Amino acid sequence: MRRVLAFFIARPLIAVAIAVVVVGVGLLLHTHRQTTPVTHRTQHVGLTDRQQMQLGSRQYAQTLRQDRAEIVSSGPAYAQVQRVAKRIAAVAARDKPAFTWKVTLLRKNEANAYCLPGGKIVVYTGILPVTGNDAALATVLGHEVAHATAEHAAERIEREHLTKIAAAIVAGGVAFTPRQYFRVAALLGVADSLPFSRSQESEADHIGLVYMARAGYQPRQAVAFWKRMQRASRGKEPPEFASDHPSDAHRIQRIEQWLPEAERAYTPAARS
Ligand SMILES: [Zn+2]
């Protein structure tokens with residue numbers, strides 16, 4: 001970070017040249033209107049599916065480089081995460097065929113998981129004792145994957161007028177300023193990023209519930225999971241998938257309202 005800054009201070013002409021490229025990329029961009037899956041909300045985003053995927057892939061590659069030593073690639077936890085993620089991703093792919101879905105399990109003692117724009121999922125081993133069974137893990141992954149298919153990160157980037165910067169980053173340029181670069185990175189939905197808005201969290205719950213049902217997991221299991229979470233996380237800072245301040249009781253209430261819709265989408269999976 002400091003090196004990036006020093007680079008630009010020492011070379012103001014390059015910074016100006018990059019600014020010109022950024023403006024150029026900006027002229028090629030048009031905000032498009034589209035509809036979120038399941039909730040059918042009209043939204044405005046500037047980044048295309050392809051750009052979102054490139055942005056997410058960059059971040060994903062960086063995470064895997066940083067945490068190379070923590071990647072879990074065998075054993076029962078690995079098998080469970082692959083099994084559940086595969087079924088959730090197959091459902092999400094119907095809404096976003098252009099995304100490439102992939103999941104990595106990292107050995108981290110933190111109850112968290114996230115899905116980057118474009119379909120790259122990261123799960124921490126610390127979440128597995130909290131989820132316990134496949135259906136609860138599907139609740140979490142359904143929620144995370146819904147952030148990606150509903151383009152919540154792209155929407156946040158648009159709202160902060162950073163779409164041009166994000167497009168320039170994926171076009172291979174350096175960001176306009178390091179500060180803006182890190183702002184874009186912070187909006188991607190990674191573990192330590194800025195929280196999604198409350199309405200995006202609620203929408204991810206709704207879409208995620210329908211996704212888990214479509215993937216063959218009994219959606220009622222989501223209610224049981226959130227009740228367990230509520231008991232387990234009392235008084236503690238909630239992890240990403242559980243961040244919907246202020247009240248978990250409300251969240252459970254809303255999920256119960258969406259249950260009939262999710263149950264209509266539910267077909268038990270054939271045993272494999
Ligand atoms: Zn979330």
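Throughout, read-outs are computed from the coordinates displayed, never taken from laboratory work. Here the structure is a predicted model, which is why all the values come from computation and not from measurement. Heads up, the Cβs are rebuilt from the backbone with ideal geometry, glycines too, and the neighbour counts pull from every protein chain shown.
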Report summary line: Simple spin-label estimate for His32/Ala249, 7 Å along Cα→Cβ, in nm, reads 4.4
**Report entry** GluC sites (Glu not before Pro) within region 100-154: DSSP coil, no more than 15 neighbouring Cβ in 10 Å
**Finding:** Glu110
Report summary line: Among Cys115, Ala90, Thr104, the residue whose Cα sits farthest towards the positive end of the charge dipole of region 59-140, when +1 is placed on the Cβ of each Lys and Arg and -1 on the Cβ of each Asp and Glu, is Ala90
